[in-house]
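The values are calculated or read from the model by the stated rules, or taken from the named source; none is laboratory data. The structure presented is a predicted model; accordingly, all values stated were derived computationally and were not measured. Cβ atoms come from the backbone with ideal geometry, glycine included; neighbour counts cover every protein chain shown. These accessible areas exclude ligands, DNA and RNA; they are computed on the full protein's heavy atoms, side chains included. Shrake-Rupley method; radii C 1.70, N 1.55, O 1.52, S 1.80 Å.
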Amino acid sequence: MTSERVQAAIAPGAALVEIAWYKPFEVANPAERVWGEPRYVAYVLRREGEPSWVDLGPAAAVDLIIKNARAAFSSPAASSSRYRASGQALYQVLVAPLLPLIGSSNARTVIFSPDGAINLAPLSAAVDEQGRYLLETHGVHYV
């Protein structure tokens, strides 16, 4: 399927976010097959415009934030401040870098297609700088 056909299927005011786990190929010495540490990248596609992307950083660091958030959200003994701190960490690493690409002022729906441990991340519980959950400011869907 072409990106144009996918774009035509995206509703106005929505953005598709494809998140991929990958190992970068180190090109310093192509004769040696050297792979870098795993990373995450997000590709964003809106109904109009060109596809865009952003590097989300080393997979190990992102995976740790997700692990900690899941532990906080699943613990009945966790405090509300621990919930908020975990949600804020998710937001800073996985949502904030996407906002310039999804057009935060007019994209009200985000369709996530996550890879790796991000598939287990409760992205709806990401907390922005004003203390709002992502689910309060955007429609959140997963494919």
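Per the listing ALA8, ALA85, the residue uniquely modelled with pLDDT under 95, under 22 Å from LEU135 (Cα atoms) and not charged (D, E, K, R) is ALA85.
With the structure loaded, tell me whether GLU37 is in a loop (DSSP other than H, G, I, E, B) and either free of Cβ contacts under 8 Å to residues at least 40 places away in the same chain or among the basic types (Lys, Arg) (or both) or whether it fails that test. Answer is yes for this residue. Remark: pairs (first residue in segment 1-18, within 13 Å of VAL140 (Cα to Cα); second residue among the β-branched types (Val, Ile, Thr) and part of a loop (DSSP other than H, G, I, E, B); Cβ separation under 6 Å; 6+ apart in sequence or on different chains) = LEU16/ILE10. Please work out if GLN92 is of a type outside the set (Lys, Arg) and modelled with pLDDT of 95 or more. So GLN92 fits the description; yes. Of the listed requirements (1) within 20 Å of PRO122 (Cα to Cα); (2) part of a helix (DSSP H, G or I), ALA20 misses just one: (2). For the criterion of being closer than 25 Å to ILE10 by Cα, open to solvent by 80 Å² or more (accessible area, probe 1.4 Å) and assigned to a helix (DSSP H, G or I), ASN106 fails. Looking across segment 8-23 at every residue that is of a type outside the set (D, E, K, R) and open to solvent by 30 Å² or more (accessible area, probe 1.4 Å), the one that is farthest from the chain's Cα centre (by Cα) is identified as ALA8.
Annotation note: of PRO58, PRO30, PRO76, the sole residue that is at pLDDT 95 or above, exposed (fewer than 15 other Cβ atoms within 10 Å of the Cβ) and more than 19 Å from SER113 (Cβ to Cβ) is PRO58.
State yes or no: is ILE65 of a type in the set (Val, Ile, Thr) and either under 21 Å from VAL143 (Cα atoms) or open to solvent by 90 Å² or more (accessible area, probe 1.4 Å) (or both)? So ILE65 does not fit the description; no.
Conditions (1) surrounded by 18 or more Cβ atoms within 10 Å (Cβ to Cβ); (2) closer than 18 Å to VAL62 by Cα, marked per residue:
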{"site": "ALA96", "(1), (2)": "no, yes"}
{"site": "ILE102", "(1), (2)": "yes, no"}
{"site": "SER113", "(1), (2)": "no, yes"}
{"site": "ASN119", "(1), (2)": "no, yes"}
{"site": "ALA126", "(1), (2)": "yes, yes"}
{"site": "GLN130", "(1), (2)": "no, no"}
{"site": "LEU135", "(1), (2)": "no, no"}
{"site": "GLY139", "(1), (2)": "no, no"}
{"site": "VAL143", "(1), (2)": "no, no"}
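Listed by first and then second residue, the pairs linking a residue in segment 54-76 that is under 20 Å from ILE102 (Cβ atoms) to a residue that is of a type outside the set (A, V, I, L, M) and open to solvent by less than 20 Å² (accessible area, probe 1.4 Å), with Cβ atoms under 7 Å apart and 6 or more places separating them unless they lie on different chains, are LEU56/TYR40; GLY57/TYR40; VAL62/TYR40.
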